[in-house]
1. What relative contact order, as a whole-number percentage, does segment 16-127 give when Cα pairs under 8 Å and 6 or more residues apart are counted?
2. What ranking of Ile64, Ile182, Ile157, Ile24 emerges when the number of other C-beta atoms within 10 Å of each C-beta is taken as an exposure proxy, fewest first?
3. As a footprinting exposure proxy, order Lys168, Lys72, Lys161 by other Cβ within 10 Å, with the fewest listed first.
4. By counting other Cβ atoms within 10 Å of each Cβ, how are Cys26, Cys59 ranked from fewest to most?
5. Relative to the longest principal axis of the C-alpha atoms of the chain, give the angle of the C-alpha long axis of helix 13-38, reported between 0 and 90° and rounded to the nearest 10°.
6. What nm distance separates the two modelled labels at Asn56 and Thr112, each placed 7 Å from Cα along Cα→Cβ?
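Just so it is clear, none of the values below were taken in a lab; they were calculated from the coordinates. Treat the numbers as computed from the prediction; the structure is a model and nothing was measured. With ideal geometry, Cβ positions are generated from the backbone for all residues, glycine too; neighbour counts draw on all protein chains shown.
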Amino acid sequence: MGLDLYTYEDNSILRTVVHWIVDIACVVSFAWFIVFGYLNQTIINGHSMLPALEANDMCLVDRISYSIGSPKRYDIVVFTREDSGQPNVKRIIGLPGETVQIISGSVYINGTRLNDESLGHISLSGIAENPVVLQDDEYFLLGDNADSSEDSRFANIGNVKRDSIQGKVWFRIRPLEDMGFIE
C-alpha cells in the first residue's frame, strides 16, 4: 500500500511568469545587499600602483573579510589618509610588530631581505632609511611603483593604523577588457 501524495501542476503561463519575476527580484535584492552592504567601489588615482592597477581603474573593495580576519602581506588595500581624510590604495608590506627598513633599494623585514621582484628597486627610502617599528595595530604600505608613490615612507602618511584600513581591493570592474580578480 502506497501513500499517494497529491501533486498539482499548474501550467499556467501567468503563474510561471510570476515565479520568474519573484526569483529575479530575490536575486537582485540579495546582490544589492551584498554589494552595498559589504563592498565598496574605488577608482584608482595616479600611477603609484602600476603595473597591478592603472589610473582610473574602478575596483571593488571587500569590507567584510577584515572583520573576520586580519590584513596580510601583499594585500592591496584602501585606507583613509590621516593628513587629508582621502582614500588611498597601496600594498601591505609590513605587518604589526615587525620592523621595516629600506636598505640600498631593498625592503628588509626584521632584518631579512624581502625577496619580491614586483617591488623592484626603491630609489627613496624616506623614513624607512632607519628601522621603522610597527605597533600592534600598524601596517607599512608601499605603492607597487615606488618611485611614483606617496606611501608609508613619507611622514605625512607613515604607519597606517588598522582602523584606517577600509578593506581589500579584490576585483577590477573597469575597464571591461581588464575585468577580473586582482592578485
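1. Working: 114 pairs, mean separation 15.2, N = 112.
So the answer I get is 14 percent.
2. Values: Ile64 13, Ile182 17, Ile157 22, Ile24 10.
So the residues, fewest neighbours to most, are Ile24, Ile64, Ile182, Ile157.
3. On the way: Lys168 22, Lys72 12, Lys161 15.
Going from sparsest to densest Cβ surroundings: Lys72, Lys161, Lys168.
4. On the way: Cys26 10, Cys59 21.
Least to most surrounded, the residues fall as Cys26, Cys59.
5. Result, in degrees: 20.
6. Placing both labels 7 Å beyond Cα along the Cβ direction yields 4.3 nm.
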